[in-house]
Amino acid sequence: MYYIGIDIGGMSIKTGLVDETGRLHFKKVFTTKPDEPSLIIISCIADFVKEMLAENALTLKDISGIGIGIPGSVDSKKGTVRYCCNINLVDVKLVAELSKLLNFKNIKISNDANCAALGETRFGAGRGAANTVMITLGTGVGSGIISDGRLFEGGFSAGAEAGHTTVMMKGGDECGCGFKGHWEAYASATALIRQTKRAVEKAPTSKLAELAEKGVTGRTAFDAAKQGCKAAQKVVRKYLEYVGIGLVNLCNLFYPEIVIIGGGISNEGDYIIKPLQRYANKYVYGRGYNPKIKITRAELLNDAGIIGAASLCMEQS
Ligand SMILES: [Zn+2]
């Protein structure tokens, strides 16, 4: 038997066939028109599922469950989507509608960061741990929490949004949500790009400025820092401190055995993991008494969303 995992994004919908050991057997990425009416998008999702099954000579009788990761706010118990950031799934009974179209009952949904955390914990970097926190450093800052082996979603499935906790009391940079001073406004790749551009203005003759001429990305500061540029090293050091502040806050709240770092920035590997590990060792409450919390890089990378979504259904079985 297989599970289907669906990872919904703005421009594409990734679907995959996953077995109960978390292995991804087949993956297909469909493009979508994010501005279509919600019900049209849902009927496209149903078509994608049927197409993928047909390509693998399977039917829904071979499927134990379908899990969907949503880039927005959901009520996982009611199976409804309240809103999405970049695709028009708004105030819609996704599970009921999809269930009707496919004539299939076991469909579950959750926020995409939660799905990634669940996937990484069960089948990736968090294997064997009962308590983990996953932090995704990408366009925004996503977070997912596994507590005693179960996904923690909070009331109304609306919790675990560490990116929108405040790290700057007054003012501060603007977050993707519109408020100022949130962790995401300092620890996302978007934030790092902003910090890099500011540093370039201050050091126009640096290696950082030279690399920035090709366009600033989340890698620019890291690339220049590795080439010995002092201005870039300062940007990276400060950026990792920002990431570290939120990370330590999460550690003190949940005391996970493992913190898993994902998203585009995690491609820097040990270059960020080692300083973050040192930061956690130094600042997590109870150091010297409690066991150390391990900071590690995500393993499932782009497939975490699909595998995690599929495993939403495994939890219930
Ligand atoms: Zn925010």
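One table, with the values for the structure above:
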quantity: Normalised convex hull volume, segment 130-261, alpha-carbon set, Å³ per residue; calculated: 113
quantity: Inter-centroid distance (Cα atoms) of segment 201-233 relative to segment 293-315, Å; calculated: 32
quantity: Within the chain, longest stretch clear of exposed chymotrypsin sites (Phe, Trp or Tyr not before Pro) (DSSP loop, no more than 16 other Cβ within 10 Å); calculated: 1-178
quantity: Nonlocal amide H pairs with Lys180, under 5 Å, H built at 1.01 Å; calculated: Cys175
quantity: 5 angstrom amide H check on Leu300, placed H, neighbours 5+ away; calculated: Ala125
quantity: Two-site FRET efficiency, Arg198 against Lys61, from Cβ-Cβ distance with R₀ of 51 Å, rounded to 0.05; calculated: 0.35
quantity: Gyration tensor (alpha-carbon) shape descriptor, segment 207-250, a/c threshold 1.5; calculated: prolate
quantity: Integer Hz, Karplus 6.51/-1.76/1.60 couplings in order for segment 275-281, x for Gly and Pro; calculated: x, 5, 5, 4, 4, 5, 4
quantity: Shape metrics for segment 20-119, restricted to C-alpha atoms - Rg then Dmax, Å; calculated: 13.3, 36
quantity: Formal net charge of residues neighbouring Ala96 (Cβ-Cβ distance under 15 Å; K, R +1; D, E -1); calculated: +4
quantity: Mean-position separation - Cα centroids, segment 235-272 and segment 83-99, in angstrom; calculated: 31
quantity: Rounded FRET efficiency, nearest 0.05, which uses the C-beta distance separating Asp223 from Val167 and R0 of 30 Å; calculated: 0.70
quantity: Segment 25-71 shape via C-alpha gyration tensor axes, a/c threshold 1.5; calculated: prolate
quantity: Alpha-carbon spread of segment 146-193, three principal axes, descending order, Å; calculated: 35, 20, 15
quantity: Whole-Å distance, taken between Cα centres, linking segment 20-47 and segment 140-171; calculated: 26
quantity: Angle between the chain longest axis and helix 189-202 axis [Cα atoms, degrees, rounded to 10]; calculated: 20
quantity: Integer Hz, Karplus 6.51/-1.76/1.60 couplings in order for segment 105-119, x for Gly and Pro; calculated: 8, 7, 10, 10, 10, 7, 5, 5, 5, 5, 4, 4, 5, 5, x
quantity: Hypothetical label at Cys85: residues of segment 118-138 whose amide nitrogen lies under 18 Å (7 Å Cα-Cβ projection); calculated: 118, 134-138
quantity: Three-way shape label, the chain, alpha-carbon gyration tensor, a/c 1.5; calculated: prolate
quantity: Cα-projected label distance for Val29 with Lys180, points at 7 Å along beta-carbon direction, nm; calculated: 3.7
quantity: Cβ-derived FRET efficiency at R0 30 Å, Glu210 paired with Glu241, nearest 0.05; calculated: 0.75
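A short reminder: the numbers here are calculations on the coordinates, not readings from a lab. These figures come from a predicted structure and were not determined experimentally. Note that we place each Cβ from the backbone using ideal geometry, even for glycine, and neighbour counts take in every protein chain shown.
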